[in-house]
Amino acid sequence: MKDKKILLAEDERIIALDLMYILSRNGFNNVSILADGNALLNKAVIEGADLIITDILFNKDMDGINAVETIWGKIDIPVIFISGLDVTLDTKLTLSNFVFLKKPFRENEVLEAIYKLLNNS
């Protein structure tokens with residue numbers, strides 16, 4: 001399971017580095033870091049992935065929800081959404097293969113979500 005390809009989309013560098021540390025410390029080394037929803041969309045559609053971890057809001061045009069909705073229209077990839085905001089993920093997201101984590105998150109929450117989604121895919 002540790003060889004799974006993970007796309008990590010996060011525009012806050014400190015959070016991206018924290019997530020990379022959590023992933024690499026737990027043996028997940030096939031990780032690509034992306035800075036926005038457009039990059040996430042392009043990389044996921046062209047190369048595919050086993051899991052996406054994405055922020056919901058970016059400082060660019062496409063947010064994480066819109067990117068994932070477009071990706072899910074083409075391929076089914078489990079997703080961990082992360083946000084510091086209180087958001088409701090509801091009608092737009094019709095697939096059940098996602099988890100929402102509120103920032104700040106703990107390492108065990110991230111790992112629990114990863115294992116849950118990768119074991120269900």
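Every number in this text was worked out from the coordinates using simple rules, so none of it is lab data. Note that the structure is predicted; figures quoted are calculated from it, not measured. All Cβ positions, even for glycine, are placed from backbone atoms using ideal geometry, and neighbour counts span all protein chains on display.
Per-residue 3J(HN,Hα) values for the range 103-108, derived from phi via the Karplus relation 6.51 cos²θ - 1.76 cosθ + 1.60 with θ = phi - 60°, read 6, x, 9, 9, 3, 5 Hz in sequence order (x marks Gly and Pro). Per residue, the chain reaches -12000 deg cm²/dmol at 222 nm when only DSSP H runs of four or more residues are counted, each adding -39500 (n - 2.57). Our summary gives the chain a relative contact order of 23 percent, counting only alpha carbon pairs under 8 angstrom and 6 or more residues apart.
Note on the chain: with a GNM built from Cα contacts shorter than 10 Å, the maximum mean-square fluctuation among LEU34, LEU17, LEU85 falls on LEU85. For LEU101, the residues whose modelled amide H falls within less than 5 Å of its own, excluding neighbours fewer than 5 places apart on the same chain, are PHE81, ILE82, SER83. Between GLU112 and LYS60, the modelled labels are 3.2 nm apart [label points 7 Å from Cα along Cα→Cβ]. Here the Karplus relation 6.51 cos²θ - 1.76 cosθ + 1.60, evaluated at θ = phi - 60°, turns the backbone of the range 66-75 into coupling constants of 5, 4, 5, 4, 5, 4, 4, x, 10, 9 Hz, with x for every Gly and Pro. Dipole size of the chain about its Cα centre, with +1 on Lys/Arg Cβ and -1 on Asp/Glu Cβ: approximately 300 debye, rounded to the nearest 20. This model, with +1 at the C-beta of Lys and Arg and -1 at the C-beta of Asp and Glu, gives the range 1-47 a dipole about its Cα centre of some 260 debye.
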